[in-house]
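The values are calculated or read from the model by the stated rules, or taken from the named source; none is laboratory data. Please read these numbers as outputs of a predicted model, since none were measured by experiment. Cβ: placed from backbone, ideal geometry, glycine included. Neighbour counts: every protein chain shown. Heavy atoms of the whole protein, side chains included, go into the accessibility calculation; ligands, DNA and RNA do not. Shrake-Rupley method; radii C 1.70, N 1.55, O 1.52, S 1.80 Å.
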Amino acid sequence: MSLKEQSILVAGGGSTFTPGIVLMLLENLDKFPIRQLKFYDNDKERQQQIADATEVILKERAPHIKFVATTDPEEAFSDIDFVMAHIRVGKYAMREKDEKIPLKYGVIGQETCGPGGIAYGMRSIGGVLELIDYMEQYSPEAWMLNYSNPAAIVAEATRKLRPNSKIINICDMPVGIENRMKDVLGLESRKDMTVKYYGLNHFGWWTDIRDRDGKDLMPELKEWVSKNGYITPDELNGAAEEEVEPSWFYTFGKAKEVQWLDPDTLPNTYLKYYFYPQDEVEHSDPEHTRANEVMEHREKNTFTECNRIANIQTAEDAKLEADEHATYIVDLARAIAYNSKERMLLIVPNKGAIVNFDEDAMVEVPCIVGSQGAEPLTQGEIPRFQKGLMEQQVAVEKLVVEAWTEGSYQKLWQALFLSKTMPNARVAKQILDDLIEVNKEYWPELT
Ligand code: NAD
Ligand code: G6P
Ligand code: MN
């Protein structure tokens, strides 16, 4: 039986991840055939550079796919089956501020965690809601697969403000970590593992990992992670095919210290910001943060290469690579399009999946995905340690959405203060006031 061909919109067409996702889609056309690909962005010039290269790539590799890049919502969102959304409201210039302002006060400066993540959330909510509204206006049957960050806050906003919308929020961090686990175990594929996991986005734990025969793989993994974090055997021996950037290498190593807090589970790497905030601040350069690294490398390289491809009108020797991690996006779209019942970790309304946790919280748990969307799998009761941490963090995320909706300064101050990254309420207020100053163009007015 031939599969129905899909029409895809990439929202945030100017993203540094777009070329990798396009190449990944092209590598998976047998599993997920595409008849039309569109790009939408609100920055025409930025998107055009990626689009010009994409046009060359498509002409050479998949000329049957109709391609459109536009900043016009009607043109973009009409006749679409899936919106793959990865926008960054305020772009890297604002990520840099999110990271540097808190660091001035000795507090974590991070894209999605702590005050930086809250500031980014206050920018993203409106942008993502706008995409949903366009999708519902012009392609009411379509699904949005959203990985725009901060996914936890964006997901809470969509749960609350667009409760009936066909949107699924997803993160690649569990995929990335599971790829490392399979290297530790010497497995072919992370799909050889079946996992149990619970938490919030960028805030969760694996509790059970089995191979295809049902054999428990946790003992071997726990021993490895408690000694090496998620650094792989090849990385330890200097035999790794691909070298991970130094800041990520540090993060994967740091996971061991996070795991020590609960040796029965395996943690998401992002927990390091909440468990060891002082270490992270000490490890940061307040003058040169991750935003600077990305602008100097991924962003610069992507645009240079796209411009080069457009100039020479061939991508035969292109230095762009398919984003292997991004195959989870095809898995998800496929599961919905063809009802494949794939098991995946997704960010969904709890509704009892974590039995002793807020029904209305957006949680990250394994789900079975089919044509009606995601069905969460119950993860049972969670221990007091994780429950306590998650309740504090989910309150932060909910307060941010309430602050955005109500225009409440007070609630945003409470959100910043409640983040486990924050030393006290006075510093939270100072950081908030600085963030308000630079975010005037993007945040609702707070009173
Ligand atoms: P980027 O700045 O390179 O690209 C984002 C694009 O979005 C830009 O071209 C920008 O012009 C566009 N944009 C901003 N606001 C918009 C709006 N309101 N409407 C339409 N377009 C808009 O950023 P990037 O580094 O490529 O990352 C893109 C997004 O993907 C970020 O939110 C990032 O955090 C997220 N991301 C998420 C995961 C995950 O695990 N969920 C993984 C990787 C990246
Ligand atoms: C992981 C996370 C994403 C985050 C990204 C940051 O992939 O899951 O949510 O956006 O890391 O990576 P960067 O290279 O931009 O610092
Ligand atoms: Mn993520």
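If we count trypsin sites (Lys or Arg not before Pro) as exposed when they sit in a DSSP loop and have at most 13 other beta carbons within 10 Å, what is the longest stretch of the chain that avoids them all? Maximal segment without exposed cleavage sites: 5-211. Calculated mean residue ellipticity, 222 nm, the chain: -14500 deg cm²/dmol, from DSSP H runs (n ≥ 4) at -39500 (n - 2.57) each, averaged per residue and rounded to 500.
Counting only Cα atoms, segment 314-392 measures 56, 28, 16 Å along its principal axes, largest extent leading. Entry comment: accessible area of the chain is 42 Å² per residue, from protein heavy atoms only and a probe of 1.4 Å.
Between segment 301-350 and segment 388-447, the C-alpha centres lie 33 angstrom from each other. When the solvent-accessible area of segment 288-353 is split by element, carbon and sulfur atoms take up 47 percent of it, the probe being 1.4 Å. Extension gain for Glu220-Glu287 works out to 20.1 nm (0.36 nm per residue, less the C-alpha to C-alpha distance). From the P(r) of segment 1-121, can you give the percent of Cα pairs sitting at distances over 19 Å? When every Cα pair of segment 1-121 is considered, 53 percent fall beyond 19 Å.
So what is the relative contact order for the chain, in percent, with contacts set as C-alpha pairs under 8 Å and at least six apart?
On the way: 807 pairs, mean separation 80.9, N = 447.
In percent, rounded to a whole number, it is 18.
Between amide H atoms placed 1.01 Å from N, distances below 5 Å from Lys66 occur with Gln36, Leu37, all of them 5 or more places distant or on a separate chain.
Sparsely packed loop sites in segment 258-297 (the GluC sites (Glu not before Pro) outside DSSP H, G, I, E and B with at most 15 other Cβ atoms within 10 Å) comprise Glu287. Rounded to the nearest 20 debye, the dipole size of the chain about its Cα centre is 780 debye, using +1 on the Cβ of Lys and Arg and -1 on the Cβ of Asp and Glu.
Radius of gyration over Kirkwood radius for the chain, both on Cα atoms: the Rg/Rh ratio is 0.94. Which of the GluC sites (Glu not before Pro) found in segment 93-197 are loop residues per DSSP with 11 or fewer other Cβ atoms within 10 Å of their Cβ? Filter output for segment 93-197: Glu141, Glu188.
Here's the list of lysines a cross-link from Lys100 could span, going by alpha-carbon distance under 27 Å and ignoring same-chain residues fewer than 8 apart: Lys91, Lys254, Lys256, Lys272, Lys300, Lys398, Lys411, Lys420, Lys429, Lys440. Of the solvent-accessible surface of segment 1-74, computed with a 1.4 Å probe over protein heavy atoms with every protein chain present, carbon and sulfur atoms account for 48 percent. When the P(r) of segment 269-414 is calculated, the portion above 20 Å amounts to 71% of the C-alpha pairs. Contact order for segment 308-421, expressed relative to its length and based on alpha carbon pairs under 8 Å spaced 6+ residues apart, stands at 17 percent.
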